[in-house]
Each structure stands twice: as C-alpha cells, then as structure tokens.
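The values are calculated or read from the model by the stated rules, or taken from the named source; none is laboratory data. Note that the coordinates shown come from a computational prediction; the quantities given were computed from them, not determined experimentally. Glycine gets a Cβ as well: all are built from the backbone with ideal geometry, and neighbour counts include every protein chain shown. For the accessible areas, the whole protein counts, side chains as well, though only heavy atoms, and no ligand, DNA or RNA atoms are used. Shrake-Rupley method; radii C 1.70, N 1.55, O 1.52, S 1.80 Å.
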Amino acid sequence: MTLHEQLTHEIRSGPRGPQVGAFFDLDQTLFAGFSATAFTRDQFSSGRLSPRDLLDSARATLSFTLGRTGFSSFVTATSAVYRGMKESVLEEAGRQAFEKYLATEIYPESRAIVKAHQDMGHTVAIITSATRYQADPVAEELGIDHVLYTRLGVEDGVLTGGGVRPTCYGEGKAEAARSLTAKYDLDHE
C-alpha cells in the first residue's frame, strides 16, 4: 500500500455522500508556507506596494503577532493600501502569486486527501483567514467549490481599504464552519 493509499484509506472506507463535510485550512495545511507572504512578495516586486507600505504591513503583522491588536485590526491595517484599487487587480495578483510561489508548494498528500474526499462525494471546503485573492487560486487548482475566507470591503468593484467583519479567524472561522454545516445539512458530531 502506497503512502497516499494509507493516508486515504479511512476516507475511502468511510461513508459516501455530500452530507460528509471535509474542511481544510489553507496556509501550512494544503501547502507549505503562508499565502500572505507570497502575496505581499508579489505585490512588492510588481511595484504595487512601496517600501513604506511593506514596512507598515510588517508593523501591523508584528503588532498582531505580539497580541497587541486583533485580527480584524490587522486586516484593516494591511488592506488600507488597497483603498481605491480595482478588485480585479487583486484577483490577478492572487493568481500571479499562486503561479509564481505557491502552485509547487501544495503538498502531494493534501492533493490525495482532497481527491479522496471528492471521490467519495463529500462536501469539500477551504475555510481560511486568508482573503479570496489568496484562496481562490488554490481552490481552483484542487477543484474545491466551497471557499470561506476573510472578506475585504468592496464597493462597485473597488476596494474600500478595510475588512468586513466578522473576519474568518478564531470564532469567525468556527462560525463559518457552522454556517456551511447548516447550509448543506452536513453530519456533525
């Protein structure tokens, strides 16, 4: 039995059908690394982020990491630089960052596990604190239809420079999972 067969044996010998939910985080779960790092790196190298923007982002990250600010404040601080930008620019930036830095970082084991759930007809979802600009390219690559994420403010296709609460972090992530479970009447124990 191959490693992937061992990893997926329990899934493949369990119940079939869409009432079974399989929820995955994004960063450090489906792939090695952090999508925000790849995204920021691409934004900086493309000139969409200035050195000052990068420094402000690093300060916000440090403040969040040290517990001085909450996740929602962190999202607001790091997304302020995008105020007035067309959302389509970030959609394209997310695809570029994925192709340049993340496509090769998806764990083969993750691919096998996701595929096993899909083959069993399970409801497969990514639930992540990342934005859709980071998560959608991964979901597309893996054929995952349901993606719950931290939303940025958008009005008429233009970013407002803030986040939408609740963010998909901590209790917000748990609420997103409960919402998906209720919407699709998934089994839960």
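Restricting attention to the stretch 1-39, the residues that are among the charged types (D, E, K, R) and on the phi > 0 side of the Ramachandran plot total 0. Scanning the stretch 137-165 for residues that are touching a residue at least 40 places away in the same chain (Cβ under 8 Å), closer than 29 Å to TYR107 by Cβ and either open to solvent by 40 Å² or more (accessible area, probe 1.4 Å) or out of contact with any strand residue (DSSP E or B) (no Cβ under 9 Å at 6 or more places or on another chain) (or both) gives PRO137, GLU141. Just one of the listed residues (THR150, THR160) is at pLDDT 95 or above and under 13 Å from the mean Cα position of the chain (by Cα), and it is THR150.
Quick one: in the stretch 30-74, of everything that is among the charged types (D, E, K, R), open to solvent by 80 Å² or more (accessible area, probe 1.4 Å) and part of a helix (DSSP H, G or I), which residue is modelled with the lowest pLDDT? The qualifying residue modelled with the lowest pLDDT is ARG41.
Checked against the criteria, ALA22 does not count as in a helix (DSSP H, G or I), within 17 Å of the chain's Cα centre (by Cα) and either at pLDDT 95 or above or closer than 22 Å to ALA174 by Cα (or both). The residues listed here are SER110, SER79, SER88, SER72; of these, the one that is of a type in the set (Ser, Thr, Tyr) and under 30 Å from ASP187 (Cβ atoms) is SER110. Consider the stretch 86-121 and keep the residues that are surrounded by fewer than 17 Cβ atoms within 10 Å (Cβ to Cβ) and assigned to a loop (DSSP other than H, G, I, E, B). The one that is nearest to the chain's Cα centre (by Cα) is TYR107. Among the residues of the stretch 79-115, the ones that are in contact (Cβ under 8 Å) with a residue 40 or more places away in the chain and more than 17 Å from GLY143 (Cβ to Cβ) come to 20 in all.
On the basis of being open to solvent by 30 Å² or more (accessible area, probe 1.4 Å), in contact with a strand residue (DSSP E or B) (Cβ under 7 Å, 6 or more places away or on another chain) and at negative phi, does ALA80 make the cut? Yes, satisfied.
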